[in-house]
Amino acid sequence: QVQLVESGGGLVQPGGSLRLSCAASGMIFRFSVMAWYRQAPGKQRELVAIITPVSSTTYAESVKGRFTISRDNAKNTVYLQMNSLKPEDTAVYYCNTQIGDRGYWGQGTQVTVSS
């Protein structure tokens with residue numbers, strides 16, 4: 001079955017950087033659109049970035065110019081490089097893919113931006 005496993009979260013000071021990873025299995029990764037979402041306490045889950053099989057990317061306005069999504073098809077892994085982090089980036093970050101009419105999610109990784 002499809003499995004998505006995130007890693008790389010943690011505590012970072014404002015202005016710092018983190019790189020999240022999402023390892024996928026049980027799917028044909030190179031043909032899949034992959035996405036990162038996040039959910040802050042008391043807020044709805046929101047889309048952060050999307051990458052297509054040909055590595056076209058789309059970003060939420062709030063992260064444009066600071067975050068970069070990328071993929072390594074040889075490793076079945078999608079990344080989210082996060083720079084210039086702000087306290088408002090604090091959230092649980094989730095990896096996502098859609099296969100047919102079903103969405104798949106990882107367990108999430110916590111990112112906390114605080115001094």
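Return the pair list, or none, for Cβ contacts closer than 9 Å from residues in region 83-108 that are open to solvent by less than 20 Å² (accessible area, probe 1.4 Å) to residues that are part of a helix (DSSP H, G or I) and modelled with pLDDT under 95, at least 6 apart or on different chains.
THR97/PHE29
Given the options THR77, THR68, name the one that is polar (S, T, N, Q), open to solvent by 60 Å² or more (accessible area, probe 1.4 Å), modelled with pLDDT of 95 or more and under 12 Å from the mean Cα position of the chain (by Cα).
Sole residue among the options that is polar (S, T, N, Q), open to solvent by 60 Å² or more (accessible area, probe 1.4 Å), modelled with pLDDT of 95 or more and under 12 Å from the mean Cα position of the chain (by Cα): THR68.
How many residues are open to solvent by 30 Å² or more (accessible area, probe 1.4 Å), more than 20 Å from ILE99 (Cβ to Cβ) and either among the aromatic types (Phe, Trp, Tyr) or part of a loop (DSSP other than H, G, I, E, B) (or both) when one looks only at region 43-65?
Adding up the residues that qualify gives 5.
Of all the residues that make up region 32-42, how many are open to solvent by 50 Å² or more (accessible area, probe 1.4 Å) and either within 11 Å of CYS22 (Cβ to Cβ) or not in a loop (DSSP other than H, G, I, E, B) (or both)?
Residues meeting the conditions: 2.
Which ones in region 3-26 are open to solvent by 30 Å² or more (accessible area, probe 1.4 Å) and in a loop (DSSP other than H, G, I, E, B)?
Of everything in region 3-26, those that are open to solvent by 30 Å² or more (accessible area, probe 1.4 Å) and in a loop (DSSP other than H, G, I, E, B) turn out to be GLY8, GLY9, GLN13, PRO14, GLY15, SER17, GLY26.
The values are calculated or read from the model by the stated rules, or taken from the named source; none is laboratory data. This structure is a prediction, so every number in the text was calculated from the model and none was measured. All Cβ positions, glycine included, derive from the backbone under ideal geometry; neighbour counts span all protein chains shown. All accessible areas refer to the heavy atoms of the entire protein, side chains included, with ligands and DNA or RNA removed. Shrake-Rupley method; radii C 1.70, N 1.55, O 1.52, S 1.80 Å.
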